[in-house]
Structure formats: C-alpha cells, structure tokens
Amino acid sequence: MMLRLFASLVFLSGCKSPDAASVKPANVRHVSLAIFEVIDCKSGMVPMTLKGSTEKYCLAAKPVVDETDIRRAEAGHDEFGGVRLSMYFTSKAGQRMKETTERVNTEFRTGVPGKMALVIDGMLVSVPTLHGTISDSLVISGTFNMEDAVQIADSLNASAPAK
C-alpha cells in the first residue's frame, strides 16, 4: 500500500499542472482584432467611421498586427479607475510595431502626431495618437466597458500562439 501511494506521488509530481495563463476559457466568442496605421486619404479610398463619432479615417491596406500576433491579453482598471485592455505581442509583432511607430513618429506632418487605429470585428473602435514608440505591449484605456474588455481578452487568449 505504501509503495503504491509513493508511486502515485512520483507519477503526479512529474505532471505539470496548467497555470492560469494556459487555461483557455470555455465558450469564448472569437473576436477579430487588427491595428492599422492611419494614413492620408487618397482618391478612391473609403474611410472608416470611428464608432460613436462622425470622425472618418483612412487606414493602411494591411494591419501592423492582428489577433494572431498577440500572445496574451488582460482586462483591468487603469490608475484612474477606468477600464483598460493590455495586449502583449509576440516578438516578431513587437518588432513590426516598433518599426512602424518609430517611422510614423518621425513623419510628423505639419506638427500633427501620427495615429494608429484599432479595428475589432470590422469596426473602428479607437484611434489613439502616438506619443512614443510601441514595441512589445499596448494598453488601451477608455474605449471599452469591463464586460467588452474581458470578452476581447478572453478571445485573444484563447487564440494566442502556444508558448
């Protein structure tokens, strides 16, 4: 009996229990997410309207990153109590984001800072102004309610690349 208990403990000690980050939530609705560079509108381009606004923006043809480039996402509160969504990019996506935001920051057009656009499920939801270089992570505050931020984070984590 003691030998059998010891053998079970040895067997179990060799198994790694899943950590919280590796557990995929059940019944998570897929969310598509893409971050684009905002560009000057050219003839023939169809601008997107910012959700809840009449502002229109033209976006680059391809996103800098999309949901497949996010290795982890978290919903939470910012220092002012507002809702925030934190996204952590894969190393390749972080490098693309860094190169793009560095370039955009150096291309100030008449002193107007560059912008990036967050598109979720085909809808333009945020167009933040760049105030520096973005590389391995991004935090978006004030755009979501907590329920939406949690849904987006759960979806991104469910489709995150394996570690």
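What does the net charge come to around PRO47 if you take all other residues with beta carbon closer than 15 Å to its beta carbon, with K and R at +1 and D and E at -1?
Working: positive: LYS42, LYS51, LYS56, LYS115; negative: GLU37, ASP40, GLU55.
Overall, the nearby charge balance is +1.
Residues in the range 76-95, backbone N under 16 Å from the label point at ASN105 (7 Å along the Cα-to-beta-carbon vector): list them, ranges by number please.
94-95
Given axes a ≥ b ≥ c from the Cα gyration tensor, I'd like to know whether the range 40-106 is rounded (a/c under 1.5), prolate (a/b larger than b/c) or oblate.
Numbers: a/c = 2.11, a/b = 1.27, b/c = 1.67.
Oblate, because a/c is 1.5 or more while a/b does not exceed b/c.
In square nanometres and to one decimal, what's the mean projected area of the convex hull around the Cα atoms of the range 34-163? Kindly include the intermediate steps, with their values, before the conclusion.
Values: hull surface 34.1 nm².
Taking a quarter of the hull surface, the average projection is 8.5 nm².
For the ranges 71-78, 150-157, what's the packing order if you count other beta-carbon atoms within 10 Å of each residue, average per peptide, and put the highest first?
Ranking the peptides 71-78, 150-157 by packing returns 150-157, 71-78.
Once you place label points 7 Å from the Cα toward the Cβ at THR54 and ASP78, how far apart are they in nm?
For the pair THR54/ASP78, the computed spacing is 2.6 nm.
Keeping all protein chains in place and using 1.4 angstrom, which order do LEU85, LEU59 fall into by accessible surface area, from largest down? Numbers along the way, then the final one.
Numbers: LEU85 0, LEU59 25 Å².
Highest to lowest solvent-accessible surface, that is LEU59, LEU85.
How much length would be gained if the chain were fully extended between VAL139 and SER32, taking 0.36 nm per residue of separation minus their Cα-Cα distance, in nm to one decimal? Walk me through the intermediate numbers first.
Working: separation 107, 0.36 × 107 = 38.52 nm, distance 1.73 nm.
Taking VAL139 through SER32 to full extension adds about 36.8 nm, to one decimal.
I want the local charge near LYS62. Using Cβ-Cβ distances under 13 Å, sum +1 for each Lys or Arg and -1 for each Asp or Glu among the other residues. It would help to have the intermediate numbers written out before the result.
Values: positive: ARG96; negative: GLU37, ASP66, ASP69.
Summing Lys/Arg as +1 and Asp/Glu as -1 gives -2.
Can you tell me how much longer the chain between THR129 and CYS41 gets when fully stretched, taken as 0.36 nm per residue apart minus their C-alpha distance, in nm with one decimal? Display every interim value, and only then the final one.
Numbers: separation 88, 0.36 × 88 = 31.68 nm, distance 1.71 nm.
Here the answer is 30.0 nm.
The values are calculated or read from the model by the stated rules, or taken from the named source; none is laboratory data. In this text, all values refer to a predicted model and were calculated from it rather than measured experimentally. Positions of Cβ are generated from backbone atoms using ideal geometry, with glycine treated the same way; all protein chains shown enter the neighbour counts. Accessible surface is based on the protein model in full, side chains and every heavy atom, while ligands, DNA and RNA are left aside. Shrake-Rupley method; radii C 1.70, N 1.55, O 1.52, S 1.80 Å.
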